[in-house]
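So the structure is just underneath, and the comments pick up after that.
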Amino acid sequence: MLQEDCGRMHRIGFILLMSLKKLQGRSAISVDDSLKVIACREQQKKLSALQMELAAAREEGFVPKYHGRNKAKGGKKPLVVIGILTSFGRKSKRDAVRKAWMGTGTALKKMENEKGIVPQFVIGRSENRGDSLDLDIDIENRQNNDFIILEDHVETSKELPKKTMYFFAHVANNWEAEFYAKVNDDVYINIDVLGNTLAAHVSDPRVYMGCMKSGEVFSEPNQKWYEPEWWKFGDGKSYFRHASGEIFVISQALAKFVSINRSNLRTYAHDDVSVGSWFIGLDVKHIDERKFCCSSWASSGAICAGVR
């Protein structure tokens, strides 16, 4: 009600000010109206201050209460939720992951309850929503219960950066975990090494961890890794330091940041570059952990390896 009154008073004030010019100095505003205008201005200042406080709170990571599955057995916060980004037509890859390290059924639940590690495949919906592609995923999910389905995302390889962003936003709002990891569906994970590595950084508030790299920015459209926004990276045409896309981890505060700001975050041609760009201007601890550098064969103490 007060805001509506202030809106009316602002309009009245504008009309009166215009009238003042016409009256050339003659008083047209009553003392009562003047006091109301002043009161409304004070109210607007208070509203602006509250809006600034709200924006600051959002930047600190305050989000709505969590919904859905977010606690392991005994109410313990999960150590990490792992999003294995997959797509249509890759069931054989998913089955290989389940067999190699993820498990199914009771083994999957045991990993969640005992180790605090929650792996889930992540996929969007078909462009032709409800078609056989969607139905196949729904059937597979009913059999295994190991999918995060991004209902508002259309599954396409060109939108992988946005898919990664939507994944982090989704898990930040549905799982209250210490960390969130993005993994490709052709990567083998050593769960014990991953768990031990992350446990050493639980006390760090804003962590971005992975196999850090930079690299050439390709500016020609016919090149495989073409970057349409190549000109933004300067004359040297080199990407800033970022974690390699096979697997990387961010802490809870950074996932909340992505969730809150997802409508304003810029994406580039590649998901790993896009994620790295979101954290450049933040007070973030970049951890170049070489155990995250995946190869065809797992070295001693490595966290990941290819399962092609």
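The values are calculated or read from the model by the stated rules, or taken from the named source; none is laboratory data. Just so it is clear, the model here is predicted, and its values are computed rather than measured. Cβ atoms come from the backbone with ideal geometry, glycine included; neighbour counts cover every protein chain shown. Surface accessibility is based on the protein's heavy atoms, side chains included, excluding ligands, DNA and RNA. Shrake-Rupley method; radii C 1.70, N 1.55, O 1.52, S 1.80 Å.
Summary table below
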{"quantity": "Residue in the range 109-153 that is nearest to Asn190 (Cα to Cα), counting only those that are among the β-branched types (Val, Ile, Thr) and touching a Ser or Thr at 6+ places or on another chain (Cβ under 8 Å)", "calculated": "Val122"}
{"quantity": "Matching helices (runs of 4 or more DSSP H) fully within the range 119-211 where at least 2 residues are of a type outside the set (A, V, I, L, M, F, W, C) and surrounded by fewer than 17 Cβ atoms within 10 Å (Cβ to Cβ)", "calculated": "132-144, 191-199"}
{"quantity": "Options Ser203, Ser157; residue that is out of contact with any strand residue (DSSP E or B) (no Cβ under 6 Å at 6 or more places or on another chain) and more than 27 Å from Asp288 (Cβ to Cβ)", "calculated": "Ser157"}
{"quantity": "Top-ranked residue of the range 146-187 - restricted to ones that are within 17 Å of Arg90 (Cα to Cα) and among the polar types (S, T, N, Q), ranked as modelled with the lowest pLDDT", "calculated": "Ser157"}
{"quantity": "Given (1) surrounded by fewer than 19 Cβ atoms within 10 Å (Cβ to Cβ); (2) out of contact with any strand residue (DSSP E or B) (no Cβ under 8 Å at 6 or more places or on another chain), number of the condition Ile287 does not satisfy", "calculated": "(2)"}
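Quick grid of which residues meet (1) open to solvent by 30 Å² or more (accessible area, probe 1.4 Å); (2) modelled with pLDDT of 80 or more:
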residue: Pro228; (1), (2): yes, no
residue: Tyr239; (1), (2): no, no
residue: Ser244; (1), (2): no, yes
residue: Ser251; (1), (2): no, yes
residue: Lys256; (1), (2): yes, yes
residue: Ile260; (1), (2): yes, yes
residue: Ser263; (1), (2): yes, yes
residue: Arg266; (1), (2): yes, yes
residue: Trp278; (1), (2): no, yes
